[in-house]
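What follows draws every value from the coordinates through simple rules; no lab data is involved. A quick note: this is a predicted structure, and the numbers were derived from the prediction, not measured. With ideal geometry, Cβ positions are generated from the backbone for all residues, glycine too; neighbour counts draw on all protein chains shown.
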Amino acid sequence: MDEQFEQWLTGFWEGDGSIGVRSNNYGRTQIVKVSFGQKDRGVLDYIVDVTGLGVLSPDREWDTWKLDFNGSRCMPLLEMFSKFVVTEHYCGRLNVALAFLDMPEVLVHAPTLDWFVGFWDAEGSSGLAGSPRGCLQVNISQKDRNVLEGIRSLFGFGSFARDHAVTKWVASSKDAVAVSQLLLERSHCVEKRARLEALVGRIGEGGRVREWMRTHPEEVEKLKEKTLT
């Protein structure tokens, strides 16, 4: 497993995973368990293929798929999470598991581009604001605004909006173009990537972002370099 995958998986876990100390063997022993749940089985298959670990099974109650790593099989994941965990909440839960295993506690880290892609694969969305042609937007919603502040620092752009009990980080127009290129190249969530690609195609038929790209080629190249380096 390379570092790019490790960062992506940490972000994906912080977006849609769990960790805890669970009872095993009818309560006779306790083990650490890392789990993921998704409607899109494909992204979980990808994790199994790369790690060579995990038990994938249907969750019929919620009509989803779950991927579990139990006991010693979750050790490689704990090691990678320790290197790249970003959110305070998941860092705290990770430290509980590490303490149970007599492993040293860790601190939060700054987000990376691949961590962001994994986090967006789990928690993000995309859409068009306005009509009829619309303006491309890439979004992530969170209760913890600090992680969104970290994402804005990572890219150097993005605005915040309140959405009920959560805060939303929004990249719009030319900023969304730069983020979209990153996501289309590195996302492992097929359904979300396909939706984003379709949206980019729609604005490409005459929308404002496409027009801006056509008339500002030098700025587009600068945005690509800033995002992908």
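Here are the numbers for this structure:
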| quantity | calculated |
| --- | --- |
| For the chain: relative contact order, % (alpha-carbon pairs under 8 angstrom, 6 or more apart) | 19 percent |
| Point-to-point label distance, Arg202-Ser153, nm (Cα→Cβ direction, 7 Å offset) | 3.5 nm |
| Over the chain: helical MRE at 222 nm, DSSP H runs n ≥ 4 each giving -39500 (n - 2.57), nearest 500 | -16000 deg cm²/dmol |
| Cβ crowding within 10 Å averaged over residues, with 7-20, 47-60, 169-182 ranked highest first | 7-20, 169-182, 47-60 |
| Low-density loop positions, trypsin sites (Lys or Arg not before Pro), the stretch 84-172 - DSSP coil, at most 12 other Cβ in 10 Å | Lys143 |
| For the stretch 3-100: relative contact order, % (alpha-carbon pairs under 8 angstrom, 6 or more apart) | 31 percent |
| Quotient of Cα Rg and 2.2 N^0.38 Å for the stretch 3-100, N being how many residues it contains | 1.04 |
| Potential extension, Asn24-Val106 segment - 0.36 nm per residue separation minus Cα distance | 26.9 nm |
| Of Lys66/Lys192; Lys83/Lys168; Lys33/Lys83; Lys83/Lys174, pairs whose Cα-Cα distance is over 23 Å | Lys83/Lys168; Lys83/Lys174 |
| Span from the the stretch 28-103 Cα centroid across to the the stretch 153-207 one, whole angstrom | 27 Å |
| Size of charge dipole - the chain - debye, nearest 20, with Cβ of Lys, Arg +1 and Asp, Glu -1, no other charges | 580 debye |
| Spherically averaged projected area in nm², based on the convex hull that wraps the Cα atoms of the chain | 13.8 nm² |
